[in-house]
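What follows is a single structure, written as structure tokens, with notes after it.
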């Protein structure tokens, strides 16, 4: 199988940046809605009268739907264009948050989070497809990182500001206003966002596609070693900070560490600020040195392993300085996860980038769904022992790192095969002692 490369615009214009900003603002809203239970979880437990396992089901449902919809969303984006998909996502986000605002019973709250999950699932892949359409390849990693950084502003709004709003105006006014504001953004997408640059080939009109054809498109993207490496990179790096930020960070700090809600939400801001600052810096660096992508991921995973060893073995209450430093390191998992999207974009042709991006995005959110669920179950069965429950994160970190290492070696082998054929490759690699021999067998068809 030849190594696929993508064609891109020669330069980005001011209009490209305006289109990106309008679309990325939708992602900001989606992240706010997604992460709002990070500080609202304890109040939600009181409002709906549920325990830790049932509380975890709110996030498990939303993130599970998000993960399940990533590949279908990628296919929809490739067929209908990102603008149409973003429009539908805003509708679901607005309706879901309004429904959550008025929910009084558990099942209605679950339904609301499920609707939010549907809307949330459609945003990120759409924004990245717009970036692939409007920006040259050398800018893609930076734009992806900036998208993540803008999304983290939504996460930031879902920490201390949301805590204060819930304590002041309360649940109904806060979430009702958020839902109505989200609906207004339909106008921005309608009048600003365009799928392709002026003069570019327009997105073809959608045509009926047989399930077999769609399945073939997904399978083709999955067989690409770069896509598979992107999947496991995203799986390994994103889930730990997401698990803490989405739900279990606040209970861990308040119930497990005895911190006040204000101190806890301030510590959770470290996840956001670290990612907000680290994302653009990482994106700019990798844009200049793409060969550093995987060494940076490996360095992050090694540091994260040390952090979890310290946090879970510390006797008694963990000092604020240690928590701050540990969370600062873990916060870089979000920026590191964007490397997975760069891999998908580099090794797939443009008409398949949406599908490949969706495949990669499944990785981190599948891991987050599993981690959130298992932490909640272990808390329930261990009587609220966070040291036991959070061992789930360590186990999943080791598993993800192992699978990533397997596909890193296979993806490198595919690049060396392409180089031996004289094909152009996105990144020039130097052979190492641990690299697989250069042979013609298609590594892309190997089973994970």
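Coordinate-derived values only; no laboratory data. Because the structure is predicted, anything quoted here is derived from the model rather than measured. For neighbour counting, all protein chains shown are included, and Cβ atoms are generated from backbone atoms with ideal geometry for every residue, glycine included.
Okay, helix-only estimate at 222 nm for the chain: each DSSP H run of n ≥ 4 adds -39500 (n - 2.57), divide by all residues, round to 500 deg cm²/dmol; what do you get?
-25500 deg cm²/dmol
Simple spin-label model, 7 Å along Cα-to-Cβ: residue 312 to residue 428 in nm?
The two pseudo-label positions are separated by 4.3 nm.
Grab the beta carbon distance between residue 398 and residue 17, set R0 = 35 Å, and tell me the FRET efficiency rounded to 0.05.
0.30
Starting from the Kirkwood Rh over alpha-carbon pairs, what translational D in µm² s⁻¹ does the stretch 383-435 have by Stokes-Einstein at 25 °C and 0.890 mPa s?
178 µm²/s
Mean-square fluctuation check for the chain, GNM, Cα pairs under 10 Å: which of 295, 173, 72 is largest?
295
Can you report the principal axis dimensions of the stretch 62-175 using only the alpha carbons, biggest first, rounded to whole angstrom?
46, 27, 21
Could you sort the peptides 242-248, 115-121 by per-residue average Cβ neighbour count (10 Å cutoff), highest mean leading?
For the peptides 242-248, 115-121, the packing ranking is 242-248, 115-121.
Report relative contact order for the chain in percent, whole number only (criteria: Cα-Cα under 8 Å, sequence separation at least 6).
Once normalised by length, the contact order is 27 percent.
Once you've got the GNM for the chain with C-alpha springs shorter than 10 Å, pick whichever of 397, 296, 28 has the biggest mean-square fluctuation.
Comparing 397, 296, 28 in the GNM, the peak value goes to 296.
Report the per residue volume, in Å³, of the convex hull enclosing the C-alpha atoms of the stretch 128-186.
76 Å³
Which angle between 0 and 90 degrees, to the nearest 10, do you get for helix 137-157 versus the longest principal axis of the chain when only C-alpha atoms count?
Taking the Cα atoms of the chain, the angle to 137-157 is about 10 degrees.
Using only Cα atoms and rounding to the nearest 10 degrees, what angle (0 to 90) does helix 211-223 make with the longest principal axis of the chain?
The angle comes out near 90 degrees.
Return the whole-Å distance between the Cα centroid of the stretch 68-93 and the Cα centroid of the stretch 264-330.
After rounding, the separation between the Cα centres reads 31 Å.
Cβ neighbours within 10 Å, averaged per peptide: list 221-227, 184-190 in order, most packed at the top.
Averaged packing, sorted descending, gives the order 221-227, 184-190.
May I have the convex hull volume per residue, in Å³, for the Cα set of the stretch 295-420?
That works out to 107 Å³ per residue.
How much length is gained on full extension from residue 388 to residue 111, taking 0.36 nm per residue of separation minus their Cα-Cα distance?
Taking 0.36 nm per residue and subtracting the Cα distance, the gain is 96.7 nm.
In the Gaussian network model of the chain, springs joining C-alpha atoms below 10 Å, which of 13, 355, 338 carries the largest mean-square fluctuation?
Top of the fluctuation ranking is 13.
If one takes the longest principal axis of the Cα atoms in the chain, at what angle in degrees, from 0 to 90 and to the nearest 10, does the Cα axis of helix 37-48 lie?
Orientation of helix 37-48: about 50 degrees from the principal axis.
Between residue 186 and residue 302, what length in nm is gained on full extension when 0.36 nm per residue of separation is reduced by their alpha carbon distance?
37.5 nm
Using the basic label-point model (7 angstrom from Cα toward the beta carbon), what is the residue 322 to residue 419 distance in nanometres?
4.4 nm
For the pair residue 288 and residue 80, how long in nm is the line joining their label points, each one 7 Å along Cα→Cβ?
The answer from the label model is 4.2 nm.
Provide the packing ranking of 316-327, 137-148, i.e. peptides ordered by the mean count of other C-beta atoms within 10 Å per residue, highest first.
Most protected by this proxy first, the peptides run 137-148, 316-327.
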